[in-house]
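Trainee: So that we are looking at the same thing, I have put the structure below in structure tokens.
We did not get these values from a lab; they are worked out from the coordinates using the rules stated. Only a predicted model underlies this, so the values are computations on that prediction, with no experimental measurement involved. Note: ideal-geometry Cβ built from the backbone for every residue, glycine included; neighbour counts use all protein chains shown.
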Amino acid sequence: MKRPLIFLSGTLLLLSSLFGCAERPSAEEEEEIPASLQQASQALLTAETAMERADVQLDLDKIGSLRSLKEELPAPEALTSPRVQQELQTAIDSFYEVFEATGTSLDPIELYTLEEPLFIDTLEAPLFQEDGQELIEEFAEELGLSRTDEAMIHFYLSYLYTLNAVGILAEAGGELYEIRYSPEADSANVYDFVFKQNVEGLRPREVLALFNDQQRQAMVNAIRLLTGGTVRAEEVLPQLDEALYQRSALFHLNEAAERLGEVAPDLKAAIDELRDSVDRELIEELIRQLESWGFVIETLPADLVERILQEQ
């Protein structure tokens, strides 16, 4: 039997193994297993199968640094097909089902509403909190996930959100831009956004005019997947299934890092390195570029905005 996708607490791991074997438990045995635990275990196996079909599995034993993580990531062009995108969505939905079945609640994302460009004037905007879906908690005390379980699922959700965003952007690039691996082994960026056309010296509205409707939609959708915030290209706003995409890559990465600090210090070092890279080198730089490309940033995670303002 193959190794389970993630490290799970004893009960959930046992059920995952049972459902993954050729011999399923008997009807009598299944009756003794709480329905919510059966649901969580089946959802976990569905997520694992979807990641295998999309060929985006990660071997956590090999991830000890950002460089080793980059070596495990799929090529951008491998993420563009509708079949792979559907498998990524299935895995995301299934991991959320594990949280729901085990009564694991998720905090909402706190967002700032931006009334002016972030990198031009001082931000003076009210803070609002986006309504978050409260997940069921009736089985939390009895069947709740361990902190390690939660950390691993949050990490995989962050990974899947990121791949989803990369695939959306790569598919729409056309003759305007491409998404590719960062050429430098020690670069903080895992994937680079590279224009195929020369946009140097163009005004923001002139750069935005180069983006067709599909490319504009891809960009605003990708930013929502990565940060949970809202970016607009003139009248184009994110169009995503909010019931499926409940949070963001950045949210789940932060949640994973927080929990791994408690249970797996060695792995946490790699996750912290990745989180710092995403926060400081990727997200902040992309936001800075978006404004120069004519996109309007409407909301961003509050902690990200506060850190950017402190550093200006």
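Trainee: Label residue 292 and residue 192 with points 7 Å out from Cα along Cα→Cβ: what is the distance between them in nm?
Mentor: The two pseudo-label positions are separated by 1.5 nm.
Trainee: Also: By the scheme Lys and Arg +1, Asp and Glu -1, what is the net charge of all other residues having a beta-carbon under 11 Å from that of residue 179?
Mentor: Details: positive: 180; negative: 77, 171, 178, 192.
It works out to a net charge of -3.
Trainee: Can you tell me the FRET efficiency between residue 262 and residue 214 if r is taken as the Cβ-Cβ distance and R0 is 35 Å, rounded to the nearest 0.05?
Mentor: Working: r = 43 Å, r/R0 = 1.23.
The calculated FRET efficiency here is 0.25.
Trainee: Also: Contour minus end-to-end for residue 178 and residue 285, with contour as 0.36 nm per residue of separation and end-to-end as the Cα-Cα distance?
Mentor: Numbers: separation 107, 0.36 × 107 = 38.52 nm, distance 1.68 nm.
36.8 nm is the gain from fully extending residue 178 to residue 285.
Trainee: Order 239-252, 40-53 from most to least packed using the mean count of other Cβ atoms within 10 Å.
Mentor: Details: 239-252: 18.0, 40-53: 21.0.
Peptide ranking by packing, descending: 40-53, 239-252.
Trainee: In whole Hz, what ³J(HN,Hα) sequence does region 191-200 give by Karplus (6.51, -1.76, 1.60; θ = phi - 60°), x for Gly and Pro?
Mentor: In residue order, the calculated couplings are 10, 10, 9, 10, 6, 8, 9, 7, 10, 5 Hz.
Trainee: I've got another one for you. Which order do peptides 305-311, 291-297 fall in by mean Cβ count within 10 Å, highest first?
Mentor: Values: 305-311: 13.9, 291-297: 18.7.
For the peptides 305-311, 291-297, the packing ranking is 291-297, 305-311.
Trainee: How would you order 190-201, 101-112 from highest to lowest mean count of nearby Cβ atoms within 10 Å? Display every interim value, and only then the final one.
Mentor: Details: 190-201: 13.0, 101-112: 19.5.
Going from most to least packed, we get 101-112, 190-201.
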